[in-house]
Amino acid sequence: MSQLSRSSHALVTGGGRGIGLAISAALSKAGATVTVLGRNRATLDEAVASGAAQFAAVADVADQASVKSAVAEAAARQPIDILITNAGAAESAPFGRSDAALFQRMMDVNFMGVVHATQAVLPGMLERRRGRIVAVASTAGLKGYAYVSAYSAAKHAVIGLVRSLAQETAKSGVTVNAVCPGFTETDLLEGSIDNIIKKTGRSREEAIAELSKHNPQGRLVAPSEVADTVLWLCGEGAGAITGQAIAVAGGEV
């Protein structure tokens, strides 16, 4: 397992639950000091109490001023060497019923949230000539899925940002990558399972099977599997890896 110095400070957006919590715990276990950022103070405090993180910062990633303030406070405590932009949201609807507001919500959280956090953290990394940025995207950023055109468009945008920013920072000591989980066992996925049950009358087991069939391994991805990939990208051994979108999806893409 990759080991990180406790002098390494990692900021994880959406770090209080699901994949973000698993990533926070993995980084902390590997030796980094972890600050989790999100909107729900109680959830963040639980992450700190569990040992998955050492500090918490409250901010809405869609609000640039909020993110900038929270990042400044965290960086004043200890310079940020690792940024994991994990915060996200998913809404589903047929394209014909996906209005401009739905597209804007998906872009604000899933794409602009990455932009805001990265713009707040990157200058310090460039000044110190070292850093790791990992965006948690999705297989929806690598392929299309029916009924989530807005979400998929936002995740495709994240991967385009990662690839472009990696070119700009290639000689700076900063790497920029994305991980793209397939359907993963999180509370966010529970919403998709509930929708299938509600709309089709299928059982919970049948709904899970419907989602699992996308994965050639025939199962859902575990949050810890995504976290392990992120941890590797944050380690010294991944210094030559930048501009990549790594699928954690059992061979789906």
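Odds and ends about this structure:
Matching residues to (1) open to solvent by less than 10 Å² (accessible area, probe 1.4 Å); (2) more than 16 Å from V67 (Cβ to Cβ):
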{"residue": "A89", "(1), (2)": "no, no"}
{"residue": "A117", "(1), (2)": "yes, no"}
{"residue": "R128", "(1), (2)": "no, yes"}
{"residue": "A140", "(1), (2)": "yes, yes"}
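- Counting only helices (runs of 4 or more DSSP H) that fall entirely inside region 175-253 and contain at least 1 residues that are among the hydroxyl-bearing types (S, T, Y) and more than 20 Å from the chain's Cα centre (by Cα), the qualifying elements are 187-200, 204-212.
- The test for being farther than 22 Å from A238 by Cβ, surrounded by 15 or more Cβ atoms within 10 Å (Cβ to Cβ) and at pLDDT below 95 does not hold for S98.
- Verdict on G38 being within 28 Å of T139 (Cβ to Cβ) and open to solvent by less than 20 Å² (accessible area, probe 1.4 Å): yes
Each row is one residue, and each column tells you yes or no for (1) at pLDDT 95 or above; (2) within 20 Å of G124 (Cβ to Cβ).
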| position | (1), (2) |
| --- | --- |
| L11 | yes, yes |
| A22 | yes, no |
| S28 | yes, no |
| A93 | no, no |
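- The one condition from (1) under 27 Å from A30 (Cα atoms); (2) modelled with pLDDT under 90; (3) surrounded by 18 or more Cβ atoms within 10 Å (Cβ to Cβ) that D187 does not meet is (3).
- Test: residue in region 6-23 that is among the basic types (K, R), more than 19 Å from the chain's Cα centre (by Cα), in a loop (DSSP other than H, G, I, E, B) and farther than 23 Å from I159 by Cβ: yes
- The single residue among V71, V34, V48 that is modelled with pLDDT of 95 or more, among the hydrophobic types (A, V, I, L, M, F, W, C) and not in a helix (DSSP H, G or I) turns out to be V34.
- Of the residues making up region 157-174, those that are of a type in the set (V, I, T) and surrounded by fewer than 23 Cβ atoms within 10 Å (Cβ to Cβ) number 2.
- Of all residues in region 119-134, at least one satisfies being more than 15 Å from the chain's Cα centre (by Cα), modelled with pLDDT of 95 or more and part of a strand (DSSP E or B).
- For region 190-220, a residue qualifies if it is open to solvent by 20 Å² or more (accessible area, probe 1.4 Å), of a type outside the set (S, T, Y) and within 21 Å of N110 (Cβ to Cβ), and the qualifying residues are E190, G191, D194, N195, H214, L220.
- Region 51-68, subset of a type outside the set (A, V, I, L, M, F, W, C) and in a helix (DSSP H, G or I), residue most open to solvent (accessible area, probe 1.4 Å): K68
The values are calculated or read from the model by the stated rules, or taken from the named source; none is laboratory data. All of these numbers come straight from a predicted model, not from anything done at the bench. Ideal geometry is used to build each Cβ from the backbone, glycine not excepted, and the neighbour counts take in all protein chains shown. Remember, those area values only see protein heavy atoms, side chains included, never the ligands or the DNA or RNA. Shrake-Rupley method; radii C 1.70, N 1.55, O 1.52, S 1.80 Å.
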